[in-house]
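Beneath this line is the structure, given in structure tokens, with notes to follow.
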Amino acid sequence: MIRKLTLFFLFALVAASPFTAQTSLNGAGATFPNPIYSKWFSEYHKLHPDIEINYQSIGSGGGIRQVTEGTVDFGASDMPMTDAQLSEAQSKLNTKILNIPTVLGAVVPAYNIPGVSGEVKFTPEALAGIFLGKITKWNDKAIAGANPGISFPDRDIVVIHRSDGSGTTFIWTDYLSKVSSDWSKEVGSNTSVKWPVGLGQKGNEGVAGSVRQQQGSIGYIELIYAIQNNIPYGSIRNSAGTFIKASLESVTAAAASAKVPDDFRVSITNAPGKNAYPISSFTWLLIPQKSKDPNKGKILHDFLAWMVTDGQEMTNALSYAPLPDSVAKKVKVAIKVVQ
């Protein structure tokens, strides 16, 4: 009897222990930063076993929509929320949504060209022409002219684009709108656009998989997806006239020229600078200033404080560039209001 009572009290003590209480936070949004977010949330759980952060990689459009509806504890997007979106969210949630930058990344033109395994150079005009459907063959002079020494096949170009609402699409179309008046007039920039040509796939994962399998294809994906899937990706002629390939250094160079406002909503595509990669971008977590559950608000604040310090040390290994020191300092101030 004494042994049974002892076991009962031991079980009761364990059940009542604060160390066994789990708090789960749910987030959803951008696929662009999913590899680094997965790493961060896993490492944070190791440090805090009582906290689990779940993230669904559904695209930036879904992240904005779900955080606005209050169906997740936080969202994520590669496109900063617009004034109208912020206003709608505040009216529904009765609190502001903060756009907190987390890392910098690059969107690259990834391709699968039979017989061509090396780096292909793309001019802005060629990229706009391909995605407008005006350049349809790989041996077109607009492509071949920038790549002397490469023998391109007389083969149709298969364009692969996103089918879901996507911040990666916003970054890509934002860039094309800046470098091509035809693109700006005919298509424009947004998380979803009316594509002139191409096949749609869901997520960076879907586009990467399709490019890898489809010969003659080209698509736009975040740098880490090209690296992880071993897909060739090209360099792009930047605003200074230099062909630059995406790298930590060239993404950092693009961010160096940016004037980041206090609300962090800024585009750095087609940045000036000889060494700047032209399709670079911040990505953002969408954080309610005041959570419905104060405990979750505190967890979000503490996670963000960890993210902007220790978390930044993990970015390079996954081919993301860390926040510039000046931006990180501003983030530390901005997150003080999160509760």
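Read-outs: derived from the displayed coordinates by stated rules, not from any lab. Here the structure is a predicted model, which means the values were calculated and not measured. Neighbour counts are summed over all protein chains in view; Cβ atoms, including those assigned to glycine, are modelled from backbone coordinates with ideal geometry.
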May I ask you to order 119-130, 178-189, 211-222 by the average number of other C-beta atoms within 10 Å around their residues, highest value first?
211-222, 119-130, 178-189
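Please work out whether the range 106-256 counts as rounded, prolate or oblate from its C-alpha gyration tensor, where a ≥ b ≥ c are the square roots of the eigenvalues and a/c under 1.5 means rounded, while otherwise a/b larger than b/c means prolate and anything else oblate?
Rounded.
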List the aspartates and glutamates whose Cα lies under 12 Å from the Cα of Lys290, skipping any in the same chain that are fewer than 8 positions away.
Asp73
Reachable lysines, given that their alpha-carbon falls under 20 Å from the alpha-carbon of Lys134 and they are not under 8 places away in the same chain
Lys121, Lys178, Lys185, Lys194
What helix-only [θ] at 222 nm does the chain give? Using -39500 (n - 2.57) per DSSP H run of at least 4, over all residues, to the nearest 500, the answer is -11500 deg cm²/dmol
Taking the convex hull of the Cα atoms, report for the chain its projected area averaged over all directions, in nm².
19.7
With angles folded into 0 to 90 degrees, how steeply does helix 34-47 sit against the dominant principal axis of the chain? Use alpha carbons for both and round to 10.
20
Would you tally the net charge around Ser24, using a Cβ to Cβ cut-off of less than 12 Å, leaving Ser24 out, and scoring K and R as +1, D and E as -1?
-3
For the pair Asp83/Gln215, report the inter-label distance in nm, with labels modelled 7 Å from Cα in the Cβ direction.
5.2
